[in-house]
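Input: a single structure, listed below in structure tokens.
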Amino acid sequence: MAIRHFLTLKDLSTAELHQVIELAMEMKAAKRENRQEPIFAGKVLGMIFEKSSTRTRVSFEAGMAQLGGDALFLSPNDTQLGRGEPVEDSARVISRMVDIVMIRTFDHSTVETFAQYSKVPVINALTDDYHPCQLLADIQTFTEHRGSVQGKTVAWIGDGNNMCNSWINAAMQFDFKLHIACPAGYEPSAELVAQAGDHVMVTNNPVIAATGADLVTTDVFASMGQEDEQQERLEKFAGFQVNHKLMSHAADNALFMHCLPAHREEEVSTELLEDETISVVWDEAENRLHAQKALMVFLLKNSH
Ligand code: CP
Ligand code: NVA
């Protein structure tokens with residue numbers, strides 16, 4: 001019995017990731033042309049959310065509905081998970097009743113434990129450490145606008161957080177250079193950076209990271225679960241805003257991306273976020289839908 005999970009980008013080979021992104025683009029066209037088939041008829045996705053979400057919930061739920069399947073929204077407030085039923089037990093029970101599961105939670109070990117006990121594919125829909133679904137959409141978006149990301153340079157400006165870690169994995173899997181600029185003390189894990197070798201460069205200077213980049217990307221200074229640090233982080237991240245001035249150091253046709261939700265005038269200027277000649281954040285958000293539909297097709301097809 002081989003069940004395929006998607007807990008980080010490393011759970012798929014490079015060839016498989018390319019396959020998913022190509023399928024996402026095909027499924028996007030099929031939806032636009034009104035020729036989607038109900039390929040998930042009778043299938044149920046269990047969605048466990050221990051943190052808030054707009055894009056992830058809507059894209060998974062709409063994606064299942066569009067393909068003839070169903071999605072169950074499971075929150076800790078009204079399931080036994082929130083009352084301390086062990087993850088191991090929840091995984092064994094839920095995975096006997098649904099066909100695929102997605103989980104948004106705090107500790108990455110929760111999705112690993114769930115996957116270990118699950119009879120069906122498990123998708124990481126964001127943990128404190130990784131957000132791989134967002135990267136599928138981001139690579140799809142870059143590819144649609146600028147072609148292959150291989151050999152390009154991406155600049156990550158801001159916190160060395162779950163999104164940054166997934167960009168590091170993406171740099172290895174899709175073979176591009178990632179220049180990371182974080183304030184001192186907010187760099188991503190040294191172990192992950194070391195694994196990435198020449199694919200990743202870390203600096204405390206946003207201009208150095210942005211120089212020559214084909215894509216500049218950022219995220220909130222304080223992630224979900226770090227609300228108490230918001231004020232301290234605003235001070236520590238001064239000078240790390242992505243705006244037109246910083247973009248002027250990037251390549252001529254550089255794009256801007258943000259996984260959203262954005263905090264205008266904090267990590268990104270309103271002017272840049274709204275400049276649709278550079279900012280592709282709305283395409284990026286839409287592509288969550290297409291990329292995750294393709295991911296679910298892949299995982300269900302390859303799990304036996
Ligand atoms: N980018 C992202 O995951 O958004 P949500 O938190 O709204 O799902
Ligand atoms: N780093 C952010 C991403 C939100 C989609 C968070 O974890 O809150």
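A few notes on this one:
- GluC sites (Glu not before Pro) lying in DSSP loop within the range 29-62, provided at most 13 other Cβ fall within 10 Å: GLU33
- Peptide ranges 62-71, 119-128 listed from the most packed, as the mean C-beta count within 10 angstrom indicates: 119-128, 62-71
- Cα-based shape type of the range 166-304, given that a ≥ b ≥ c are square roots of the gyration tensor eigenvalues and the cut on a/c is 1.5: rounded
- Reported to the nearest whole Å, the Cα centre-to-centre distance from the range 235-284 to the range 19-59 is 27.
- Length gained on full extension, PHE106 to ASN77, computed as 0.36 nm times the residue gap minus the Cα-Cα distance: 8.9 nm.
- Least to most buried among HIS244, HIS108, HIS5 (fewest other Cβ within 10 Å first): HIS244, HIS108, HIS5
- Three-way shape label, the range 117-202, alpha-carbon gyration tensor, a/c 1.5: oblate
- Assuming charge only on the beta carbon of Lys and Arg (+1) and of Asp and Glu (-1), the dipole of the range 11-50 about its Cα centre is about 260 debye to the nearest 20.
- Order of SER118, SER279 under a 10 Å beta carbon neighbour criterion, fewest first: SER279, SER118
- Relative contact order (percent, whole number), the chain, Cα cutoff 8 Å, 6+ residue spacing: 21
- Sites matching GluC sites (Glu not before Pro) across the range 168-273 that sit in DSSP coil, with at most 15 neighbouring C-beta atoms within 10 Å: GLU265
- Among SER95, SER148, the order by Cβ neighbours within 10 angstrom, fewest to most, reads SER148, SER95.
- Note on LYS31 and ASN204: with the Förster distance fixed at 41 Å, the Cβ-Cβ geometry gives a FRET efficiency of about 0.45.
- Rounded to the nearest 20 debye, dipole of the chain from Cβ charges on Lys, Arg, Asp, Glu: 1000
- Cα centroids of the range 61-109 and the range 121-169: 24 Å apart.
- The range 247-304: C-alpha gyration tensor shape, a/c 1.5 cut-off, then a/b vs b/c: prolate
Computed from the coordinates by the stated procedures, all read-outs in this text should not be read as laboratory data. Everything numeric in this text was worked out from a predicted model, so none of it was measured. Cβ coordinates were reconstructed from backbone atoms using ideal geometry, including for glycine residues, and neighbour counts include every protein chain displayed.
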